[in-house]
Amino acid sequence: MQSRGKKTSHLDLLCDIGDLTDLLVSSMSVDNFLQRAVEMVARYLDTDACSIYLYDEASAELSLAATTGLVSGAVNRLRLKAGEGIVGRCFQSLKPVCEGRASSSPETMLFGETNGERFNSFLVVPIHRGAVKIGALVVEHVREDVFEETEIMALRAASSQLASSIENARLIMQVNRDAAPSSAPRPDLPGGPIKAGTASEGFAYAPVSVYRRNIPVPLTEVPPGDDHTTLEDFRRAIDATAGQLQELQAMFAKRLPESASLIFTTHFMMLKDESFVGKMARLIEEGVGPMSAVSQISGHYASLFLSNPHEYVREKANDVEDLTMRILRNLKDRERTGTQTRHRRIIIADRLYPSDVLKLVANDVQGIIMVGGGVTAHISILSRSLKIPLLLADQPELMNVPEDTPVLMDAYVGTIYIKPTARVVKGFQTRENTRRAAQQKSRHIRGETKTRDGEKVQLMANINLLSEVPLARELKAQGVGLYRTEFPFLIRSAFPSETEQYLVYRKLFDQMKGRTVTVRTLDVGGEKVISYLDLPPENNPELGMRSIRFSLDHREIFDTQIRAILRAASGARAARIMFPMISSLDEFLEARGIVRECMGALEKEGLDFNGKPAIGMMVELPSLVDIMDDLAKEADFFSIGTNDFIQYMLAVDRSNKRVSRYYAAHHPAVLRGLAKVADAALRSGREIAVCGEMAHETAHLPFLLGIGIRQLSVDPQFLPSLHESVSRIRVADAREYARELLALPAIRDVQAAMEDPAWKETFGRA
Ligand code: PEP
Ligand code: MG
């Protein structure tokens, strides 16, 4: 390319810039591409300086990425906030900014270390692709008032030609930085609080670890000179690791009986595997340092898992990482056995399975921040059951928080602080202590739950893990209105056998001592993924082979579960079996038929079982609303799962944050559907409960009581507040209120009625 005069042809400039795209593809260096681009623009427009600034989402800053004319040492060091100086202003507004006498402008560009102060004319145009803001392109001149409309047009055209290449460059730089987290400079994260949604309440302050799925395991590179351990140390480290895993397993057997011993299966098998530990030992015998030997073989293992086409196999790479970290830690801290890596941390993750949560519990996880909406309802439910604070954040830059950074998460109000100041931490800790003390005091439930005008309301507990039963009993739950049996399945790495299931269910019946226990059959599929099942992917999993459909399609799994429930319920006075996601009478009859067949088989085998459980169903699909009278002739009881009822009634994925504003429990169709369902059940003399989240939401309680609901099943921690709320409401008022709501046509009308101060006062919610 030849140097041109100031008034160069714009056409030439654009053609040459188009060529730069090829240059990017063939070039190994992204920096070099950007450098050539600025040099070319400076040459064509005959300017004294030209620079490209790229926007870094992680730090919300513009960073100088390439320059000709400014001090080259400022590249990657000069950073401007969006809106700061004329570069930041142009970037934010997406409009060109032209200054002819910048030295007299109050808004100079903070160019202290880049000798920028000697320039007087500035022209800045944004680099963007549609709404995607990429950065800014700047040209400068020492002389005053140099740039005119022609230059503005030329630079804008250049910027738009360059935009997609520069965006690629930015992505590549980002990937490189992510691939080498330890050596690359980390972007600064916002100092103030970051907003997040709460999925499980709580408070935590701890160092952080970022947990990525299916990313090659970042195993430690140990320079040979730094490794002073021996083959004997290695063998000791393996023994210590096996010992620690056994201890953890014993701890789990107590805390989470339903997980039994299966959480660490992969770990134990690898410790026994000759091609894992054996190969490491042989490498050490050949002179390789033990730490390098462990890293090499583990890395090989992890990449084998990662290259497998099945997701559930790829997942095992995380087990390899976990095990390797334990071995390395035991090798390093020869005398400090028992210390685990990633212990007592806050975990930031973009995707987790329920079984991952358990492994995190094994490391005494303090809190979890899920980034980017990859959370399933079951991760939320499990975290609540395990009392782990869980926040859902939208900011992908959280995945870049460096290991060990102190993080405070307040999952009561939904805020995250990265590196909080001592004052912030102290303030939160004091508040947390006060809250705990208040919670202890308010836990007393006095007698039965009755409305203000004396009608009894039965409060029951939703149980996911057996460890929640003591709290449910302490808070006087009158029974278990929903036991989600999928949890023992979700948190294991293989199907539990009939005996294993029997033992879990038996504990539940025993602990509830004669009170009602409603066992819901397996509700998997959709977002409730059982990773070891390896089912074919579905385009619409929520509408696919899930829940009762899955059970009816896998008779051996269904029979095993039904047999285990019937046997465990032997002798129980009030045992109930409930089918999830029933869509028709036919489906209910088929499922009930199987229960009866199982009874026949158990009878023949001479085993003890409960021959008279109540058999009922969840009401979760809109298709049931108009056939309730027919269902009520067959089903012994109903329980409305409002979580799914709303999801299916309104076609809104309950775990998709992007559509969460459409998920409206107070939609007139939802309210009228609920009223019809309750009315049909009550007219037929059938028990009807609500067991979805709506049951504990105070704002919806008057409506539910108003349509005749007298059984509510909620997570145990909500029992005290629900007891209080019920006792403030008069049934007569609730009926009138429900009538009013049911006559309203639009969501916003219902919203207005719910927020009406007069109604709020009537129900003690002022
Ligand atoms: C529901 O759908 O409301 C329900 C209680 O079931 P789950 O949340 O387990 O789907
Ligand atoms: Mg459901």
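The values are calculated or read from the model by the stated rules, or taken from the named source; none is laboratory data. Everything numeric in this text was worked out from a predicted model, so none of it was measured. Positions of Cβ are generated from backbone atoms using ideal geometry, with glycine treated the same way; all protein chains shown enter the neighbour counts. Quick note on the areas: whole protein, heavy atoms, side chains included, nothing else; ligands and nucleic acids left out. Shrake-Rupley method; radii C 1.70, N 1.55, O 1.52, S 1.80 Å.
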Original post:
Which whole-angstrom value gives the distance between the alpha carbon centres of the stretch 148-169 and the stretch 715-760?
Top reply: 58
Original post:
Ratio of Rg to Rh for the stretch 638-766, alpha carbon only, Kirkwood?
Top reply: 0.94
Original post:
Contour minus end-to-end for Ser164 and Val142, with contour as 0.36 nm per residue of separation and end-to-end as the Cα-Cα distance?
Top reply: 4.9 nm
Original post:
Suppose R0 equals 45 Å; then what is the FRET efficiency for Ala82 and Ala743 from their Cβ-Cβ distance, rounded to the nearest 0.05?
Top reply: 0.35
Original post:
Ranked by accessible surface with a 1.4 Å probe, highest first, in what order do Arg77, Arg314, Arg282, Arg473 come?
Top reply: Arg77, Arg282, Arg473, Arg314
**OP:** Could you give log10 I(q)/I(0) at q = 0.21 Å⁻¹ for the stretch 485-619, computed by the Debye formula over C-alpha point scatterers of equal weight, without solvent?
**Re:** -1.34
**OP:** Tabulate in residue order the Karplus-calculated ³J(HN,Hα) for the stretch 246-251, using 6.51 cos²θ - 1.76 cosθ + 1.60 with θ = phi - 60°, rounded to whole Hz; enter x for Gly and Pro.
**Re:** 5, 4, 4, 4, 5, 4
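Using 0.36 nm per residue, how much length does the chain from Glu285 to Val413 gain when fully extended, once their Cα-Cα distance is taken away? Provide the component values of the computation, followed by the final result.
Numbers: separation 128, 0.36 × 128 = 46.08 nm, distance 5.58 nm.
Full extension from Glu285 to Val413 adds 40.5 nm.
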Original post:
Straight-line reach from Lys316: which lysines have a Cα under 21 Å away, not including same-chain ones fewer than 8 places off?
Top reply: Lys272, Lys279, Lys359, Lys528
**OP:** Mind jotting down the distance between the C-alpha centroids of the stretch 672-713 and the stretch 274-333, whole Å?
**Re:** 54
Subject >> Segment Gln246-Ser72, extension gain: residue separation times 0.36 nm, minus the distance between their alpha carbons >> reply: 57.0 nm
**OP:** Scan around Val210 for amide H atoms under 5 Å from its own, H built in the peptide plane at 1.01 Å from N, and keep only partners 5 or more places away or cross-chain.
**Re:** Ile348
**OP:** For the stretch 27-85 and the stretch 537-584, write down the distance between their C-alpha centroids in whole Å.
**Re:** 61
